[in-house]
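Below is one structure, written out as C-alpha cells; comments come after it.
The values are calculated or read from the model by the stated rules, or taken from the named source; none is laboratory data. If you're wondering where the values come from, they're calculated on a predicted model, not measured in any experiment. Please note: Cβ atoms are built from the backbone with ideal geometry, for glycine as well, and neighbour counts cover all protein chains shown. Areas reflect the complete protein model, heavy atoms only, side chains present, ligands, DNA and RNA absent. Shrake-Rupley method; radii C 1.70, N 1.55, O 1.52, S 1.80 Å.
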Amino acid sequence: MATIDADHVSVDFPLYHGSARSLKRAVFAAASGGRIGKDAQKRVVVQGLRDVSFHLGAGDRLGLVGSNGAGKTTLLRTLAGIYEPVRGRVRVCGSLNALLDPNLGMNPDLTGRENIALRGLFAGLGRPAIRRLEEDVRDFADLDAFVDLPVRTYSSGMVVRLGFALATAIHPEVLMMDEWFLAGDAGFLDKARLRLESLVRGAEILVLSSHMHEIVARWCNRVIWLENGRIQEDGAPQEVLGHYLAGKGSEEAPTLPAPLPAPPFAEATVVDALLKESDRGGLR
Amino acid sequence: MNRADAPLAAPPPALRLKTRGGATLDLVAGLGFSGRQHQAIADLGEAARLWRLGTTLAWLDVKGRYRGSMLGPLWLTLSTAVMVAALGFLYSTLFKMVLREYLPFLALSLVLWGYVQTMVSEACLGFTQNDAIIRAVRMPFSLYGGRIVLRNVIVLAHNIIVIVVVFAIFDTWPGARAALALPGVVLWLVDSLAVTMALAAICARFRDIPPIVASIMQIAFFVSPVIWRPELIHRGARFLPLNPFYSLFEIVRGPLLGEIPGHMIWFSALGYSVLMIALAWLLFVRVRGRLAFWV
C-alpha cells in the first residue's frame, strides 16, 4: 500500500549569488573575523516550505494550489526526494515517478530509440522492460521511421509527443505531476488525455500541482492550498478551491466542474487529425 | 486502483513500477553523522545498482563527441599519438636523451596525465552541468561522479594503443613486471572517484574553484616528473615522494617501464590516497543532502 507522510517539513533555499558563491570572499571573511566579508556571511535564505504536515494513503488524489512562489513545486520536489527537508521528515512508500521536466535527460543528438532506452535506464528498468517501453512510446508518439533518427531532426510536435509518451509510459504507485504537464488543456489531445488519465488512475496516490482549478477539481479528492510555503487550508476540493478562488477575488469560484466519478472518455476517432494538429506545437 | 475501468492505453505490465513494501524514500532532517553516513552509503549502493545507466551514459558521452566523424573515438588516439611524437622528438633533442629510453616514458606519462587532467577539469562541472536532471529526478549523486570516471577510463583505454605502439616500435616490453602496476591501477580508480566527487561538490558551492583548480593542475604538470624523468633531480630526490603526483604516477608508470617502485613511493601514494578518500568521504557525507540546492 502506497503512503506519503510529510511530518513538519521545512525547506530553506540558500540564495547564493554574487559574492556568496566565491571561495575567496569566504576565506577572506573567515580570516578577517567576519569584518571585511560581512556580506559573504549575510546569505539570503528563502523559506521554501514551513512546517508542512499531511498523510496520504492509497486512493488519495492531492491537488496543490497557491499563487506563484507559494511552494507547490518545492513541495513536489521534496516529496520526490530531490530536495531533502531541513527540518521534519518525508516518508514515501511505493514506487515513485515525478513528472517535473518534460524533456528529462533527453539528448537531441541521440536517436529516438536511444533516448527511450536511456529513459528506461534512468527508471531502473531491465532489458525486456525497455523493449516494451520502446514499443509503447514509438506507437503512441507515431515516430515510425523517425525512431532511428536523431531527435534534433524531429519537428517540434514530434519532440513534444516523444517527451509526453516517455513521461507517461512508466506507471508508478505514487505519481507526482507538475502543471507543465497539463498546460493549455484547450489544445490537449484526446489521445494524450486518455493516456494521462490511465496513468493517473493506475497510480495509488496522485500529487498534482496546478493553476488549472478545473483539473484539480475533477481529478483530486483533496486539496492543499499553500501560501508562502505554509499550508493555508487542507480539505475537500470544492471547499478549499472555493476559499482559494474567493480569496483571490476571482469570479470563477462558483463554477467548478463536478468531480470525476467515471471519467468521460471521449471517442478516440478524431485522434489522427488531432495528432497532425500537434505538429504545429500542440499538446502543450 | 480499479484497473478494470482503465481501457485503451493500459500499459504493458512490465512498465508498472512495483515495490516490495518498505519505504522507497525516508528523509529525516537533522541526522547525526552516522545517519548521514548511512544515506551516503545508500547513495553509493544505488549508483552501483544503476551501473548500466552509468556505463551507457559514459559511452554516449565519448561517442557523442565524435558523432559523424569517420574515426570516431580513435581521434583521441590519433591526437595523443601526434602529441607524443612531437614532444618526444623535441625534448629528446633538447635534453639530449636517447629516444628509445625517453619515448616510452613520455608516451606513458602523457597518456596518464591526460587522464588526470581531463578528469579533474570535468569533475569541476560534475554536478553543475547536470543541474536539470538533479532538479527533475532523485538520482544518486555518485552516479554523476562514476559517469565522469568511466568516461575518462574509456578515453584512457583508447590512448593505451599509443603506448602499445611505442613499446612495440622500441621493443621495450616490461614483461611480467607490468602486473605489478595492477594494484596501482585499482588505487587510481578509487582515488579518481573520490577526487571527482569532492571537486564536483566544492565547485557546485563555490563557483570560483574551477579556474583555481585549472591553474594548480598546470603548475603540477611542470613541477612533477611527467615530461621530465625523476632521475634528472640529483640533490633532494628523496623529497620527491612528498609530491603526490610523483608517487601516484610511479606506482603505475614504474612497473610498466620495468621498474619496481620502492617502499617510500608506495607509502606516499597510499598515504595521500587515504587522506584524499577520507576527506572526500567526509565532505560527501556532510553536503550530499544540500547538493540539489547548490546546483
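Might you check whether a residue that is at pLDDT below 90 and within 10 Å of chain B (Cβ to nearest Cβ) occurs anywhere in the stretch A:208-218? No: the stretch A:208-218 contains no residue that is at pLDDT below 90 and within 10 Å of chain B (Cβ to nearest Cβ). Counting the residues of the stretch A:120-134 that are facing chain B (nearest Cβ under 8 Å) and outside any loop (DSSP other than H, G, I, E, B) gives 6. If you go through the stretch A:67-96 and keep only what is surrounded by fewer than 21 Cβ atoms within 10 Å (Cβ to Cβ) and part of a strand (DSSP E or B), you end up with A:ARG87, A:ARG89, A:ARG91. Quick check on the stretch B:19-41: of everything there that is open to solvent by 60 Å² or more (accessible area, probe 1.4 Å) and either in contact with a strand residue (DSSP E or B) (Cβ under 6 Å, 6 or more places away or on another chain) or modelled with pLDDT of 90 or more (or both), which residue is nearest to the other protein chains (Cβ to nearest Cβ)? Top of the filtered list is B:THR24.
One line per residue, one yes/no per condition, for (1) closer than 21 Å to B:GLY54 by Cα; (2) in contact with a Gly (Cβ under 6 Å, 6 or more places away or on another chain); (3) among the acidic types (Asp, Glu); (4) more than 7 Å from chain B (Cβ to nearest Cβ):
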residue	(1), (2), (3), (4)
A:LEU76	no, no, no, yes
A:LEU79	no, no, no, yes
A:TYR83	no, no, no, no
A:LEU96	yes, no, no, no
A:ASN103	yes, yes, no, yes
A:ILE116	yes, no, no, yes
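Restricting to the stretch B:234-260, name every residue that is modelled with pLDDT under 90 and open to solvent by less than 60 Å² (accessible area, probe 1.4 Å). Once the filter is applied, which keeps residues that are modelled with pLDDT under 90 and open to solvent by less than 60 Å² (accessible area, probe 1.4 Å), the stretch B:234-260 yields B:GLY236, B:ALA237, B:LEU240, B:PRO241, B:GLY258.
Scanning the stretch A:16-43 for residues that are modelled with pLDDT of 70 or more and closer than 16 Å to B:CYS203 by Cα yields A:TYR16, A:ARG21, A:SER22, A:LEU23, A:LYS24, A:ARG25, A:ALA26, A:VAL27.
List, please: which pairs have Cβ atoms under 6 Å, are six or more places apart or on different chains, and start with a residue in the stretch B:75-95 that is within 16 Å of B:ILE154 (Cα to Cα) and end with one that is outside any helix (DSSP H, G or I) and open to solvent by 20 Å² or more (accessible area, probe 1.4 Å)? Here the result reads B:TRP75/B:TYR66, each pair linking the stretch B:75-95 to a residue that is outside any helix (DSSP H, G or I) and open to solvent by 20 Å² or more (accessible area, probe 1.4 Å).
A quick yes/no check of all residues on (1) out of contact with any Ser or Thr (no Cβ under 9 Å at 6 or more places or on another chain); (2) part of a helix (DSSP H, G or I); (3) of a type outside the set (D, E, K, R):
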{"position": "B:VAL84", "(1), (2), (3)": "yes, yes, yes"}
{"position": "B:TYR91", "(1), (2), (3)": "yes, yes, yes"}
{"position": "B:VAL111", "(1), (2), (3)": "no, yes, yes"}
{"position": "B:ARG135", "(1), (2), (3)": "yes, yes, no"}
{"position": "B:ILE148", "(1), (2), (3)": "no, yes, yes"}
{"position": "B:ALA168", "(1), (2), (3)": "yes, yes, yes"}
{"position": "B:THR172", "(1), (2), (3)": "yes, no, yes"}
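Taking the criterion of being within 14 Å of B:ALA201 (Cβ to Cβ) and either among the aliphatic types (A, V, I, L, M) or open to solvent by 60 Å² or more (accessible area, probe 1.4 Å) (or both), the residues of the stretch B:278-294 that qualify are B:LEU279, B:ALA280, B:TRP281, B:LEU282, B:LEU283, B:VAL285, B:ARG286, B:VAL287, B:ARG290, B:LEU291, B:ALA292. If you go through the stretch A:154-165 and pick out every residue that is within 13 Å of chain B (Cβ to nearest Cβ) and without any contact (Cβ under 8 Å) to a residue 60 or more places away in the chain, you end up with 1.
Counting residues in the stretch A:122-138 that are within 18 Å of the chain's Cα centre (by Cα) and open to solvent by 10 Å² or more (accessible area, probe 1.4 Å) gives one or more. A:SER156 meets all of the listed conditions (1) in contact with a Gly (Cβ under 7 Å, 6 or more places away or on another chain); (2) open to solvent by 10 Å² or more (accessible area, probe 1.4 Å); (3) modelled with pLDDT of 90 or more but one, namely (3).
Just one of the listed residues (B:TRP75, B:TRP59) is open to solvent by 10 Å² or more (accessible area, probe 1.4 Å), more than 14 Å from chain A (Cβ to nearest Cβ) and out of contact with any Cys (no Cβ under 6 Å at 6 or more places or on another chain), and it is B:TRP75. A count restricted to the stretch B:82-127 and to residues that are among the small types (Gly, Ala, Ser), over 21 Å from the mean Cα position of the chain (by Cα) and buried (at least 19 other Cβ atoms within 10 Å of the Cβ) stands at 1. Scanning the stretch A:97-116 for residues that are open to solvent by 30 Å² or more (accessible area, probe 1.4 Å) and assigned to a helix (DSSP H, G or I) gives A:ARG113, A:GLU114.
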